[in-house]
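This report refers to the structure that appears directly beneath it.
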Amino acid sequence: MSRPIVISGPSGTGKSTLLKRLFAEYPDKFGFSVSNTTRKPRAGEVDGKDYHFSTIEEFKQAIEDKKFIEWAQFSGNYYGTTIKAVKDVSEQGKVCLLDIDMQGVKSVKGTDLNARYLFLSPPSIETLRQRLEGRGTETQDSIEKRISAASAELDYAKTGAHDKIIVNDDLEKAYVEFKDFILNE
Ligand code: 5GP
């Protein structure tokens, strides 16, 4: 099995945008590990594709049933990767890509997934704030929580926990670097 690739980085850095582009360019090569979350869907998000949206009760039941490889609380909601999410991708013969936060990265590092780790960084916290505000998907409270999580993510990236760090200050340039890391093991 090809090594899974874990993409992490602050919310609003452009992970989803880069991933969507990659899946469109290589539909048969890469697959997305669809996480479970208790957060409400954003406009345009599709259940079963972007996330498996669930209630807190369902999520807690899944924890009890030991369905998760890892799970974490982020910005007041639960997020987790099930064993099934990763298996579904590898059964299709595709390389699995995971989009998870820093707590997830730490957990996955403790498993036998043998993943590669890519960190996507915003040019600065200030640009991140502008992007989150401009995106219009978050409440002010959610933006503040995401900004504070972002600082912790950036500090963690400074410890050298990732195989590669890409600063997304130009989407085209970032995509070239992103593809290069993903395609060249
Ligand atoms: P968002 O609400 O913006 O979709 O995601 C918020 C954060 O949760 C992002 O940093 C994203 O990478 C992370 N996340 C998404 N799915 C998972 C998961 O399954 N596990 C963990 N630990 N984090 C996740």
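In a GNM of the chain with a 10 Å cut-off on Cα contacts, which of 24, 150, 115 has the highest mean-square fluctuation? Result: 24 has the largest fluctuation of those listed. Per residue, the chain reaches -13000 deg cm²/dmol at 222 nm when only DSSP H runs of four or more residues are counted, each adding -39500 (n - 2.57). Among the trypsin sites (Lys or Arg not before Pro) in the range 90-159, those located in a DSSP loop and surrounded by at most 15 other Cβ atoms within 10 Å of their own Cβ are 158. Between the listed residues 56, 102, 4, the Cα displaced farthest toward the positive end of the dipole of the chain, a dipole computed from Cβ unit charges relative to the Cα centre, is found at 4.
Taking 19 Å as the cut-off, the amide N atoms of the range 86-127 that come nearer than this to a point 7 Å along the Cα-to-beta-carbon line of residue 21 belong to 97-100, 118-124, 127. Simple rule: put +1 on each Lys or Arg Cβ and -1 on each Asp or Glu Cβ in the range 1-121, find the dipole, and look at 86, 23, 46; the Cα lying farthest toward the positive end is 23. Counting only protein heavy atoms and a 1.4 Å probe, the range 122-185 has 56 square angstrom of accessible area per residue. Note on the chain: Rg/Rh from C-alpha atoms, Kirkwood Rh, equals 0.93.
This model, with +1 at the C-beta of Lys and Arg and -1 at the C-beta of Asp and Glu, gives the range 46-185 a dipole about its Cα centre of some 240 debye. The portion of the accessible surface of the range 35-185 made up by carbon and sulfur, rounded to a whole percent, is 50 (1.4 Å probe; DNA, RNA and ligands excluded).
For residue 66, a cut-off of 16 angstrom between C-alpha atoms picks up these aspartates and glutamates, skipping any fewer than 8 places away in its own chain: 57, 58. I'd like the antiparallel share, as a percent to the nearest 5, of DSSP beta bridges with both residues in the chain. Antiparallel bridges: around 30 percent, rounded to the nearest 5.
The values are calculated or read from the model by the stated rules, or taken from the named source; none is laboratory data. Keep in mind the model is a prediction, meaning the values are calculated, not measured. A quick note on method: Cβ atoms are made from the backbone with ideal geometry, for glycine too, and the neighbour counts reach across all protein chains shown. The accessibility values were calculated without ligands, DNA or RNA, using every heavy atom of the protein model including side chains. Shrake-Rupley method; radii C 1.70, N 1.55, O 1.52, S 1.80 Å.
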